[in-house]
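Read through the structure below, which is laid out as C-alpha cells, and then see the notes.
The values are calculated or read from the model by the stated rules, or taken from the named source; none is laboratory data. Predicted model only: the values in this text are computed from it and were never measured. Because the Cβ atoms are built from the backbone with ideal geometry, glycine has one as well, and the counts that use them run over all protein chains shown.
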Amino acid sequence: MMLSGPWRVETVEEIDSTNAWLANQAREGAGEGLVLRANFQRQGRGRMARTWTAPANSSLLCSLLLRPAVSDEQLQVVVWAVALAARAAVERCGGVAPTLKWPNDLLIDGRKVAGILTELVATPAGPAIVAGIGVNCTAVDLTVTTATSIAAATGHDVEPATLLDVLLDELTVRRPLLDSPEGLAELRTEYRAHLATLGQRVRVELADGVMRGVAVDVNETGELVVASEGRDHVVNVGDVIHLRPEETL
C-alpha cells in the first residue's frame, strides 16, 4: 500500500535494538517520521529492563521517531496514539480488535499480543520520542499462558511489513492529535474506551511494595488512577496485574 504521512521506513535483517539505533539517529538530527523495522532483534527490550525475543520474521519489530509538542511528563500520552494505531492495525489485518492494558500492552482474550516501549531522547533539535513496538504475528510460545499471536488467536497469517504499513496509516490520523489539548482529550477518550484495565481489580507492583485496588481512570498525563483503601492513588510506574475473579484484593 502507499503510505500516507511523513513516514520513511528502513528495513534491516538483524540488529541489536531498533530503539537504540533510532535514538542515535535522533541525536544525529534525524527528523520525525523515521521508522526502522528489523526481521530479528538480538537485544530487544521491554519495560523495566526486560528483554523481548522473537524468532526471525515472526513479529513486527520496529521503532518510530516522533517529535510531538508534549512535555517530559506526558510521555505516556504518546503511547495512547501508538497503541491505538497498533490496535486498529491488528483489527484491520487480523480481524480481531485487541484490548489495551495499562501502560503499554495489547491483549487478545487476555493474552499479550504486543508491547510498546517509549523513550525520551535529548537531541540538539530538542526532545524526541522513540516508540518501539513488538507485535507477535505468527510464532509465539503458547506454553507461556500470558502470550499469544495474531495467527494463534485468529488463524490469519499477517506479514510484519504489511502490519507496519497499516499501523503507520492509522498513526497518520492520530499523530496530529498529540499537538493540542483538544487532540489529547480526543486521544484520551479513545484510549479509555478500549482500556481493559479500567474497572478491573488490579495488583500494582511498585518499587516499594504492592498496592491492590480497582483501576478507575487514566488522567490527562496518562497516569493510572487506582482506588485503594478508601482513596484514589495515582500510579505512573509499576507492573499492573489484572486479578482473576477468584483472586482476592
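Pairs only if they're at least six apart or on different chains, beta carbon under 6 angstrom, first in the range 226-239 and acidic (Asp, Glu), second at pLDDT 95 or above; list them, first residue then second. That search, which allows pairs on different chains as well, returns Asp232/Val225.
The listed residues are Glu190, Glu186, Glu170, and the only one of them that is over 18 Å from Leu106 (Cα atoms) and charged (D, E, K, R) turns out to be Glu186. The condition (being farther than 23 Å from Val70 by Cβ, modelled with pLDDT of 95 or more, aliphatic (A, V, I, L, M) and not assigned by TED's automatic domain parsing to the domain that holds Asp109) is satisfied by just one residue among Val214, Val166: Val214. Could you tell me whether the range 189-197 includes any residue that is of a type outside the set (A, V, I, L, M, F, W, C) and more than 15 Å from Ala83 (Cβ to Cβ)? Within the range 189-197 (the criterion being of a type outside the set (A, V, I, L, M, F, W, C) and more than 15 Å from Ala83 (Cβ to Cβ)), the answer is no, since none of the residues qualifies. The set of residues in the range 198-226 being under 22 Å from Trp80 (Cβ atoms) and aliphatic (A, V, I, L, M) consists of Leu198, Val202, Val204, Val214, Ala215, Val216, Val218, Leu224, Val225, Val226. Applying a threshold of 6 Å to beta carbon distances and a minimum spacing of six or more residues, or different chains, the list of pairs starting in the range 14-29 at a residue that is closer than 15 Å to Leu61 by Cβ and assigned by TED's automatic domain parsing to the domain that holds Thr118 and ending at one that is assigned to a loop (DSSP other than H, G, I, E, B) and not aliphatic (A, V, I, L, M) reads Glu14/Phe40; Asp16/Arg42; Asp16/Gln43; Ser17/Gln43.
Considering (1) in contact (Cβ under 8 Å) with a residue 40 or more places away in the chain; (2) more than 22 Å from Ala193 (Cα to Cα), the lone condition that Thr146 does not fulfil carries the number (1). The residue that is nearest to Asp179 (Cα to Cα), counting only those in the range 126-146 that are at pLDDT below 90 and surrounded by fewer than 16 Cβ atoms within 10 Å (Cβ to Cβ), is Thr146. Any residue that is closer than 23 Å to Ser180 by Cα, modelled with pLDDT of 95 or more and of a type outside the set (D, E, K, R) - is there at least one of those in the range 34-54? Yes, the range 34-54 contains a residue that is closer than 23 Å to Ser180 by Cα, modelled with pLDDT of 95 or more and of a type outside the set (D, E, K, R).
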